[in-house]
Amino acid sequence: MNNFQLQITKGIPSELPSPKKFDTKINHAPKRKDILNKDEKTLAIRNALRYFDKKHHKVLAKEFAGELNDYGRIYMYRFRPEYEMYARPIGEYPGKTNQAKAIMHMIQNNLSYAVAQHPHELITYGGNGAVFQNWAQYLLAMKYLSEMTEEQTLVMYSGHSMGLFPSHKNAPRVVVTNGMMIPNYSKQDDWERYNALGVTQYGQMTAGSYMYIGPQGIVHGTTITVLNAGRKIASHGEGLAGKLFVTSGLGGMSGAQPKAGNIAGCITVCAEINPKAVHTRHSQKWVDLAIKDLDELVNRVKKAKDNKEVISIAYQGNIVDVWEKFDEENIYIDLGSDQTSLHNPWAGGYYPVGTSFEKANELMATNPKLFKEKVQESLRRQTNAINKHTAKGTYFFDYGNAFLLEASRANADVYLDSDTFQNRKNPPKSRGAVGVREFAYASYVEDIMGPMCFDYGFGPFRWVCTSANPEDLAKTDAIAMEVLENLKKDSPKEIQQQLSDNIQWIKGAQENNLVVGSQARILYADAEGRIKIAEAFNLAIKNGHLSAPVVLGRDHHDVSGTDSPYRETANIYDGSQFTADMAIHNVIGDSFRGATWVSIHNGGGVGWGEVINGGFGMVLDGTVEASKRLKSMLFWDVNNGISRRNWARNKGSIFTIKRAMKMEPKLKITIPNLVDDNLLEGLF
Ligand SMILES: NC(=O)c1ccc[n+]([C@@H]2O[C@H](COP(=O)([O-])OP(=O)(O)OC[C@H]3O[C@@H](n4cnc5c(N)ncnc54)[C@H](O)[C@@H]3O)[C@@H](O)[C@H]2O)c1
């Protein structure tokens, strides 16, 4: 065994490693809220010390109390391993089963410096998306994985390894829960409190489930959104050439918009107030041009429209100025959205118009009340300008960033039943939301992702080559493309477009050069596509064409994995968007149909208490067993959500589940009877 392998098998060291200096060159998590009282702080220390031999308690108690005071959490920095953190080729991990070694590969990817947002605090993305709560938990989990057999299952409670339990070959090797709470204890401050106590964590979606693959997932999803938004506004099937997409944000996720606009073939104007963010995205070539002057922007956009150019332009300034200026100048906007971080409006997520970037940063700390007033005034102005554009025909959608929610809280004119919209020649129609006052604009899932992708079973399927060899990834790309091209020959017209888009994506995947971290690929596919691609990979492993096992997985932001009324299940209108049966069934069903690991989380994307999301990982090793497992589990993993969407009367899903029943006679799904609208009129 080499040193790395020895350290993994050792787990939590019996002798204390020397303390680690706080590395200021690394991006660190912000100091968390000081939420525990004195007794609770004592309990947090007692909890943390459970991982260590009594002889170390005196030293560590003091050290952990210092961490709790300084950072609001106990990360146990001293135990951060010395070896480099990255997804190694599977053969380099110690262990008794490839399934466990593949999971170690995925865990180390989520924590690697190239991938993780705050690597020393074990946060992969989203500011709080944790893989583990502290380094002792990491060391313990890796040790268990290195010694487990295929007759055991590792049980993970929010980063803590409860231990190895006897199970059987076809059981998951790991079962993960993150942040599962008694529902009444699922408010934001409950996360702060119980996370500080060391008994729960925010797993986001793919952080705590070891399935994150860097930024390519966002680029693919954003491209699909822009392309399909383009299709919604096409009057006779024309493409996006010469059409204008106006949006904002060049940050973590929002920075994918100009690249996606270019792939989709339109003119993109993306406003970003932070000069550093503009510079980063421009120097990475994720946006073609950066302009600081509004008049120059207007002229350049007019020229791009005249020449039907495919171009992306960063406007360094406030998005509100762009909406207002384009209205004054009568520049027609075809597509509009917003990706400022309005899920975090008072601490830097949204910058108010009329205040400089520097001044705003100062104001939010020195005079939060005035800052809030300015943000709300800015949101009202932005909404008024957007409303003027949509009156002229612009298609505007909310990008899951709480724009409409915060605008409504600022008393901006966003409600469907307001005079502004009802007095229009063609007022927007109700989408059938229950229990809430409906917005005039739809969200990207409600209008695009839901009805065009998820309802037909298309979602962010992904795979990782555990050889860590780019040649293997190129081979899997070629295999997947061949499978999709064959599928397209006999597929119904309803899904032809989806298949073409995905073939185009996989064709361009190599040259788009989007791999960061593990050798991973994302590809939207439906149940049939996922199964056939997986089967072809398994065969390629068996006959040696691929050099090592492949991990299958998906984002939790998918057809079946997530119940979230304002995002993934926003286009469910039978009232069940506020239930979480689908996500729970999904994880239970995946676990007994052959997943190598499963996870179920509270929180992720839209916030603690607002969503239940789950996912899986499956290791393909070229065996007959893997072939059986992939067919059984992937079929369920997609069709569970399709059956529920069908029961909610979603047209695409009624079509898709009927088709699935024809393909698999053992599938028998309850189909809803549709009711004539006029029959229900005047009943109450
Ligand atoms: N892309 C997706 O697939 C997706 C999906 C769901 C939700 N979202 C949401 O989109 C939002 C953005 O995500 P992110 O990771 O890019 O966040 P981020 O904070 O990294 O980026 C947002 C950017 O907006 C800029 N900004 C803020 N106010 C501005 C203003 N008035 N004018 C111009 N620029 C302004 C900020 O400077 C920042 O760079 C989040 O709320 C996220 O939850 C994105």
**Request:** Starting from residues that are part of a helix (DSSP H, G or I) and acidic (D, E), keep the ones in the range 554-612 and report whichever is nearest to E438 (Cα to Cα).
**Result:** D581
**Request:** Go over the candidates S254, S283, S235 one by one and state the one that is out of contact with any Gly (no Cβ under 6 Å at 6 or more places or on another chain), touching a residue at least 60 places away in the same chain (Cβ under 8 Å) and hydroxyl-bearing (S, T, Y).
**Result:** S254
**Item:** Qualifying positions in the range 328-362 - more than 8 Å from the ligand (Cβ to nearest atom) and buried (at least 19 other Cβ atoms within 10 Å of the Cβ)
**Value:** I333, D334, L335, G336, S337, D338, P345, T355, A360
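Does I224 qualify as being within 16 Å of S312 (Cβ to Cβ) and crowded, with 17+ Cβ neighbours inside 10 Å? Before you say what the answer is, go through the steps one by one.
Details: within 16 Å of S312 (Cβ to Cβ): no; crowded, with 17+ Cβ neighbours inside 10 Å: yes.
Taking the combined requirement at face value, the residue does not satisfy it.
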**Prompt:** How many residues, within the range 185-202, are more than 16 Å from the ligand (Cβ to nearest atom) and either outside any helix (DSSP H, G or I) or under 11 Å from the mean Cα position of the chain (by Cα) (or both)?
**Reply:** 7
**Prompt:** For the range 20-111, list the helices (runs of 4 or more DSSP H) that sit wholly inside it and hold at least 1 residues that are closer than 30 Å to G617 by Cβ, in contact with a Leu (Cβ under 8 Å, 6 or more places away or on another chain) and at pLDDT 95 or above; which are they?
**Reply:** 38-49, 98-111
**Item:** Meets criteria (of a type in the set (K, R), surrounded by fewer than 23 Cβ atoms within 10 Å (Cβ to Cβ) and over 30 Å from the mean Cα position of the chain (by Cα)) for R231
**Value:** no
**Complete:** Scanning the range 21-33 residue by residue, those loosely packed, with under 12 Cβ neighbours inside 10 Å and closer than 18 Å to L197 by Cα turn out to be K31
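Among residues belonging to the range 583-608 that are crowded, with 24+ Cβ neighbours inside 10 Å, among the aliphatic types (A, V, I, L, M) and in contact (Cβ under 8 Å) with a residue 60 or more places away in the chain, point out the one that is farthest from W636 (Cα to Cα).
In this case the residue turns out to be I600.
Here is a yes/no grid of residues against (1) over 30 Å from H545 (Cα atoms); (2) free of Cβ contacts under 8 Å to residues at least 24 places away in the same chain:
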{"position": "F616", "(1), (2)": "no, no"}
{"position": "D637", "(1), (2)": "no, no"}
{"position": "G652", "(1), (2)": "yes, no"}
{"position": "D677", "(1), (2)": "yes, yes"}
**Message:** Looking at the structure I just gave you, is D413 free of Cβ contacts under 8 Å to residues at least 40 places away in the same chain, touching a Ser or Thr at 6+ places or on another chain (Cβ under 9 Å) and farther than 27 Å from R554 by Cβ?
**Reply:** yes
**Asked** Out of the residues in the range 159-190 that are more than 22 Å from D34 (Cα to Cα) and among the hydroxyl-bearing types (S, T, Y), which is surrounded by the most Cβ atoms within 10 Å (Cβ to Cβ)?
**Response** S161
**Asked** Looking only at residues in the range 395-426 that are within 16 Å of the ligand (Cβ to nearest atom) and touching a Leu at 6+ places or on another chain (Cβ under 6 Å), which one is nearest to L227 (Cα to Cα)?
**Response** D398
**Item:** Sole exception among (1) without any contact (Cβ under 8 Å) to a residue 60 or more places away in the chain; (2) within 22 Å of V175 (Cβ to Cβ); (3) surrounded by 24 or more Cβ atoms within 10 Å (Cβ to Cβ) for N134, by number
**Value:** (1)
**Item:** Selection from the range 584-618 of residues that are hydrophobic (A, V, I, L, M, F, W, C), touching a strand residue (DSSP E or B) at 6+ places or on another chain (Cβ under 8 Å) and within 16 Å of the ligand (Cβ to nearest atom)
**Value:** W608, V611
**Message:** Which residue is surrounded by the fewest Cβ atoms within 10 Å (Cβ to Cβ), if the candidates are limited to the range 249-289 and must be assigned to a helix (DSSP H, G or I) and within 7 Å of the ligand (Cβ to nearest atom)?
**Reply:** A277
**Request:** Specify the residue that is surrounded by the fewest Cβ atoms within 10 Å (Cβ to Cβ); the eligible residues are those in the range 94-106 that are closer than 15 Å to V550 by Cα and either of a type in the set (A, V, I, L, M) or touching a Ser or Thr at 6+ places or on another chain (Cβ under 7 Å) (or both).
**Result:** T97
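Residue by residue through the range 318-327, note down the ones that are surrounded by 23 or more Cβ atoms within 10 Å (Cβ to Cβ) and either polar (S, T, N, Q) or within 13 Å of the ligand (Cβ to nearest atom) (or both).
N318, I319, V320, V322, W323, listed by residue number.
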**Fill in**
When every residue in the range 510-549 that is more than 29 Å from K628 (Cβ to Cβ) and among the aliphatic types (A, V, I, L, M) is compared, the one surrounded by the fewest Cβ atoms within 10 Å (Cβ to Cβ) is V516
**Request:** State the number of residues belonging to the range 367-401 that are of a type in the set (D, E, K, R), surrounded by fewer than 23 Cβ atoms within 10 Å (Cβ to Cβ) and closer than 20 Å to V246 by Cβ.
**Result:** 4
**Request:** Kindly check whether there is at least one residue in the range 299-313 that is assigned to a loop (DSSP other than H, G, I, E, B), within 29 Å of the chain's Cα centre (by Cα) and surrounded by fewer than 23 Cβ atoms within 10 Å (Cβ to Cβ).
**Result:** yes
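Would you mind finding the one in M618, M663 that is among the hydrophobic types (A, V, I, L, M, F, W, C) and buried (at least 24 other Cβ atoms within 10 Å of the Cβ)?
None of the others qualify; the one that does is M618.
The values are calculated or read from the model by the stated rules, or taken from the named source; none is laboratory data. All of these numbers come straight from a predicted model, not from anything done at the bench. Because the Cβ atoms are built from the backbone with ideal geometry, glycine has one as well, and the counts that use them run over all protein chains shown.
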